[in-house]
Amino acid sequence: MSVIAALDIVLTAIPLIPYGPSAGALVKPSEGILLGPWGGMLAALVGGIISSIIWPATAVLGLATWIPGVIGAFGAGMLLKGRWKAVLILFAAILIAFFLHPFGPGVFLYANWDKLVALCMIIPVSMLVRRRLGSRDSVKALAPIIGLVSLIATEMDGATGNLIFLLEAEPFFGLKKEMLPALFIPYTFLDPGTRVLIGIVCALVLTPVLVAAGRANLLKWPLT
């Protein structure tokens with residue numbers, strides 16, 4: 001866990017897009033997949049808090065910057081455990097909370113259209129996990145599972161970050177409702193593209209590692 005948390009801390013210093021996810025977002029789904037929902041949450045918590053202290057410029061949500069990654073790691077671990085109902089309820093609650101915020105309806109689709117797509121993917125992806133997770137020694141069979149689970153997890157991460165930003169917008173940043181569309185619209189497709197890239201990278205990089213670890217009896221994932 002300490003190795004993954006350390007990698008999380010290092011990658012957080014590398015931005016993927018301005019004011020968007022850092023390269024540390026690549027690690028969050030991996031933490032849940034490797035360590036399970038509880039171990040993944042702990043690794044994401046440690047990595048998120050320490051990286052916010054070491055790299056304060058990356059803490060765009062202030063003291064709450066660590067929360068989205070923890071949610072993403074939890075989602076990935078729970079999906080692999082087959083506990084899709086908890087993931088569905090949590091994801092839906094985050095999106096509903098965003099919409100119900102006084103500032104939410106005007107920017108909901110700009111911020112969360114891709115998160116709605118990811119929400120609808122939870123049940124079919126959970127069915128795919130149940131059918132194919134037994135093929136742990138096949139990169140070809142496992143890669144789609146890892147990629148899709150990582151995509152849903154990083155979208156949960158993004159939805160949580162959007163909600164926290166909305167909650168902080170006026171009291172912490174002094175933003176007004178009419179100012180938010182100009183902030184969200186430029187990311188309408190940029191952020192989803194980054195999330196898809198994260199899913200692809202996890203499928204291509206993490207899958208061979210998982211298969212190799214399984215074949216060598218080094219790691220039975222997810223751990224928790």
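3J(HN,Hα) couplings calculated from phi for segment 40-56 with the Karplus curve 6.51 cos²θ - 1.76 cosθ + 1.60 (θ = phi - 60°) are, in sequence order, x, 4, 5, 5, 5, 5, 5, x, x, 5, 5, 5, 5, 6, 6, 10, x Hz; Gly and Pro show x.
In plain terms, the residue of 155, 31, 178, 168 with the fewest other Cβ atoms within 10 Å comes first and the most crowded comes last, giving 178, 168, 155, 31. Taking θ as phi - 60° and the Karplus parameters 6.51, -1.76 and 1.60, the scalar couplings of segment 85-99 work out to 5, 5, 5, 4, 5, 5, 4, 4, 4, 5, 5, 5, 4, 4, 5 Hz in sequence order, x denoting glycine and proline. What you get for segment 2-215, charging only the Cβ of Lys and Arg (+1) and of Asp and Glu (-1), is a dipole of about 820 debye around the Cα centre.
Between helix 139-169 and the chain there is an angle of about 20 degrees, using the helix long axis and the longest principal axis of the Cα atoms. What list of ³J(HN,Hα) values in whole Hz, one per residue of segment 178-192 in order, does the Karplus curve 6.51 cos²θ - 1.76 cosθ + 1.60 (θ = phi - 60°) give from phi, with Gly and Pro shown as x? Here the 3J(HN,Hα) series is 6, 8, 6, x, 5, 8, 8, 4, x, 9, 4, 10, 5, 5, x Hz. The C-alpha atoms of the chain define a longest principal axis, and helix 2-12 lies at about 40 degrees to it.
For residue 172, nonlocal amide neighbours, meaning residues 5 or more places apart or on other chains whose placed amide H falls under 5 Å from its own, do not occur. Packing around the peptides 131-141, 106-116, 56-66, taken as the average count of other Cβ atoms within 10 Å per residue, puts them in this order, highest first: 106-116, 56-66, 131-141. Each part reduced to its alpha carbon centroid, segment 186-203 and segment 74-130 end up 16 Å apart.
Taking every C-alpha pair closer than 8 Å and separated by at least 6 residues, the mean separation divided by the residue count of segment 2-215 gives a relative contact order of 23 percent.
With only the Cα atoms considered, the chain has a convex hull volume of 100 Å³ per residue. Remark: segment 126-203 is approximated by an ellipsoid whose semi-axes, taken from the C-alpha gyration tensor as √(5λ), come to 36, 12, 8 Å, largest first.
Within the listed set 180, 119, 95, the residue fluctuating most in the Gaussian network model of the chain (springs between alpha-carbon atoms under 10 angstrom) is 180. Under 10 Å, Cα contacts only: if you run a Gaussian network model on the chain, which one of 127, 156, 179 comes out with the highest mean-square fluctuation? Looking only at 127, 156, 179, the largest GNM fluctuation is found for 179.
All of the numbers you see were taken from the coordinates with simple rules; none came from a lab. Model, not experiment: these values are computed from the prediction. So basically every Cβ, Gly included, is an ideal-geometry build from the backbone, and we count neighbours across all protein chains shown.
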